[in-house]
Amino acid sequence: MFCTEGINSEHALCDIGTSYIGRTIHFYRTVDSTQAIALSLAEQRSDNLHGTVIISEDQRKGRGRMGRKWISPRGGIYLSLIVQPKIEPTQSSILSLLSALSVCNVINKMTNLNAKLKWPNDVVINGRKVCGILLDLSIDDDKINFVVIGIGVNANIDVTKIDPDIQTSSGYYGITSLKNEFHGKKIDKFVFIQLLLENIESYIIQLENRGAKEIIKNYKEVSDTLGKVVTVKQSTKFLHGIAVDIDENEGFLLIETPSGCIHKVVSGDVIIKNIKKA
Ligand code: BTN
């Protein structure tokens, strides 16, 4: 493994059990955004980057989905992963679902916090967001050139200190951190990252070899969205109904509206009402 700008890098992640993800890791103490670094690396040189990871202790200009910011104080996990998977561009949304599923798996392996997934790619604990995923995709001639998967986990941070800053942003439904849920106890971030990269690699190999079906099955088992009454905000329009299923090939959310029509939702913010379908 190759590490740069090492904070504990000589010790960190040395036992990683992956074949390509995390074989090269660039560690930083602080950056504007790991996503920006990964994107510029991938744009300059798109060969031999498969599995390269950029990790920073904090970010000055963390980027979230839909033009939002991602507040990134020290103590959180901020990483961007460059992959060049052998999949069709239409399957790329599965990469963000499997990344969120991997974070969920690791939280549930390392803690008893019962993390779940809010479609498409938020990881939640007790309905509050603990992790977000950002996917940047480069496609050439109908073929994936590279994908940068950005992952931000509110790990060992106190969200009560950052909450007021983001409460007013669109799509906000509450945030939490592992430390807050864990009554102040900290998790080992390097063990977390190692397990996370191992999980992501094994799901990507599964996706390349056997398609999305089993991954979506695993995803549905920890879904916090299915069976609930939801409103989906799609730019200026709202769609109300019950989240009845997730498409097993492309990961779309299927919503049944009161008229009985099934709508396929490709992307958007989902607002969940806490009413279970009878
Ligand atoms: C979201 O809005 O839910 C996605 C947040 C993604 C944040 C991560 S932190 C690491 C990477 N670098 C960034 O600037 N953003 C992503």
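Each value in this text was obtained by applying a stated rule to the coordinates, not by laboratory testing. Here the structure is a predicted model, which is why all the values come from computation and not from measurement.
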TM-like helix rule applied to the chain (DSSP H, alpha carbon span at least 27 Å on the long axis, mean Kyte-Doolittle at least 1.0) gives 92-110
Taking only the alpha-carbon atoms of segment 194-243, the convex hull volume per residue, in cubic angstrom, is 120 Å³
With segment 82-133 reduced to its Cα atoms and the Debye formula applied, log10 I(q)/I(0) at q = 0.13, 0.16, 0.31 1/Å amounts to -0.33, -0.48, -1.16
Cα-based Rg and Dmax for segment 1-154, in Å, come out at 15.1, 45
At q = 0.08, 0.15 1/Å the base-10 log of I(q)/I(0) from the Debye formula over the alpha-carbon atoms of segment 127-278 is -0.30, -1.08
Residues meeting the amide H criterion for Gly51 (H placed from the backbone, H to H distance under 5 Å, 5 or more places apart or on another chain) are Ile82, Val83, Gln84
The correct pair for segment 186-273, radius of gyration to one decimal and Dmax as a whole number, both in Å and from Cα atoms, is 16.0, 49
The set of residues whose placed amide H lies less than 5 Å from the amide H of Ser177, leaving out same-chain residues fewer than 5 positions away, is Val159
Residues whose built amide H sits under 5 Å from the amide H of Glu57, excluding neighbours closer than 5 in sequence, are Tyr28, Arg29, Thr30
Using alpha carbon centers only, segment 94-111 is separated from segment 214-258 by a whole-angstrom value of 18 Å
Over all Cα pairs of segment 91-204, the Kirkwood radius sets Rh, and Rg/Rh then becomes 1.00
The chain: spread of alpha-carbon positions along the three principal axes, whole Å, largest first, is 58, 47, 33
